[in-house]
Amino acid sequence: MPEKRYLLTPGPTPVPPEVLAALAEPIVHHRGPDFRRTYEQCLERLGQVCCTAHDVLLFTSSGTGAFESAVVNLVAPGERALVVSAGNFGERWASMVSAFGADLVHLRYSWGETPDPEDLRASLADAGGAKAVFLTHSETSTGVVADVQSLAAVAADAAALVVVDAVSSLGAIRLEPDAWRIDVTVSGSQKALMTPPGLAFTAVSPAALEASRHGGGTRFVFDWERTRAGQELLDAPFTPAVSLVKALNVALGMLLDEGLDAAFERHVRLGRACREGVKAMGLELFSPDEDRSAVVTAVRVPNGVDAAAMLLTLRDRLGVQLIGGQGELKGKVFRIGHIGWFDLFDLTTALAAVELVLADAGADIERGAAVSAALDAYSAGARV
């Protein structure tokens, strides 16, 4: 096994040394002044990164816990909810809405398609409206990034509450909940925010909070009002993951020091470089060839290549961890993540490793072309 390891998946993502160092600090009591100072700063920084002036509620959970909080606080059993899905995480919204007894209206696309606002308008009209519309910003399973600004406008015009999965997009691509009429934004710590898994957050508009006070389903740990009231006093209602909160606070500080606009531009340039490198070696993109797809690049596995064997060889021989397809894309695509604590040289490492392993597997690719194409594309820049 190689000693040097490269984690190039779309989540979890690599964690900077400064964040790891925060995890190693002594534990402090979660109701003492030492933690409260960190807690307050972390919540303030979350609001800045979420681009919202409203409450951001912090939970000890994977990102899926933030999903669940949105469903149970907004939609009661029997109430209509519309889900737009075009991949694995859109399907997760649909499964969760159904599990909690809502009346599901499912606007379903083939995996890899990009949702269209006019389709949403028609679905809402056919359904006679909906209490809430659930959207996915960055569909990590396919690499597609939806135009949630336009989708949210359609949903809001239909008087629906708008909920957006931003687990892999927050901190990587532009998202402005307050300006785009998004009521609920859910995300997690382990992707562009450069922190280990274990924290979830939900940015909620006043309208969403009001709806949760007078409706929704049964909840306890994920109750928004309970969490909001605790955070207002800097007194979490349940024991938070103290070390993870300290680590996230450091990571958010690093991201804000870089500047959100600079981070968005970096991700656009990395996405463009990855796509150009993939195309230069003769592979076919599955994710769209557009600057909006700046989170993860999905690539079709060449004919005659065993995707699982290829990924194991990358990991065991070269120490490079990529990830395969999910669901109906299993064995058909592999994915290169380029979000969070990630730079051009991480990307060229991934591309060079893919070249080596595919060439050894007998794939018809052009050796030596990917890195050069990626360097050229990254150097050309991309304003966002």
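Odds and ends about this structure:
- Qualifying position, being of a type in the set (Val, Ile, Thr), closer than 16 Å to GLY230 by Cβ and crowded, with 16+ Cβ neighbours inside 10 Å, among THR38, THR9: THR38
- Scope region 89-129; condition of a type in the set (Gly, Ala, Ser) and assigned to a helix (DSSP H, G or I); matching residues: GLY90, ALA94, SER95, SER98, ALA99, ALA122, SER123, ALA125, ALA127
- Search result, residues across region 169-207 that are within 18 Å of LEU57 (Cβ to Cβ), of a type in the set (A, V, I, L, M, F, W, C) and surrounded by 24 or more Cβ atoms within 10 Å (Cβ to Cβ): LEU170, LEU175, ILE182, VAL184, VAL186, LEU193, LEU199, ALA200, PHE201, ALA203, VAL204
- Which listed residue is at pLDDT 95 or above, in contact with an Asp or Glu (Cβ under 9 Å, 6 or more places away or on another chain), in the same structural domain as SER205 (by TED's automatic domain parsing) and acidic (Asp, Glu), from ASP103, ASP183, ASP178: ASP103
- Test: residue in region 308-316 that is surrounded by fewer than 17 Cβ atoms within 10 Å (Cβ to Cβ), in contact (Cβ under 8 Å) with a residue 24 or more places away in the chain and in contact with a helix residue (DSSP H, G or I) (Cβ under 8 Å, 6 or more places away or on another chain): no
- Subset of region 268-293 [assigned to a loop (DSSP other than H, G, I, E, B), among the small types (Gly, Ala, Ser) and crowded, with 21+ Cβ neighbours inside 10 Å]: SER287, SER293
- Identification of helices (runs of 4 or more DSSP H) wholly contained in region 1-88 with 3 or more residues that are under 30 Å from ASP103 (Cα atoms), touching a helix residue (DSSP H, G or I) at 6+ places or on another chain (Cβ under 9 Å) and in contact (Cβ under 8 Å) with a residue 40 or more places away in the chain yields 63-74.
- Per-region count, region 215-267, residues aromatic (Phe, Trp, Tyr) and either assigned to a helix (DSSP H, G or I) or outside the structural domain of TYR39 (by TED's automatic domain parsing) (or both): 2
- Residue within region 294-306 that is aliphatic (A, V, I, L, M) and surrounded by fewer than 23 Cβ atoms within 10 Å (Cβ to Cβ) present: yes
- Lone qualifier among LEU57, LEU82 - being under 20 Å from ALA207 (Cβ atoms) and either modelled with pLDDT under 95 or over 18 Å from the mean Cα position of the chain (by Cα) (or both): LEU82
- Contact map, region 277-303: first residue acidic (Asp, Glu), second residue assigned to a loop (DSSP other than H, G, I, E, B), Cβ cut-off under 6 Å, separation 6 or more or different chains; pairs are ASP291/ALA382.
- Residues of region 338-374 that turn out to be assigned to a helix (DSSP H, G or I) and either in contact with a Pro (Cβ under 9 Å, 6 or more places away or on another chain) or under 25 Å from MET254 (Cβ atoms) (or both), as a count: 9
The values are calculated or read from the model by the stated rules, or taken from the named source; none is laboratory data. In this text, all values refer to a predicted model and were calculated from it rather than measured experimentally. Positions of Cβ are backbone-derived with ideal geometry, glycine not excepted, and every protein chain shown enters the neighbour counts.
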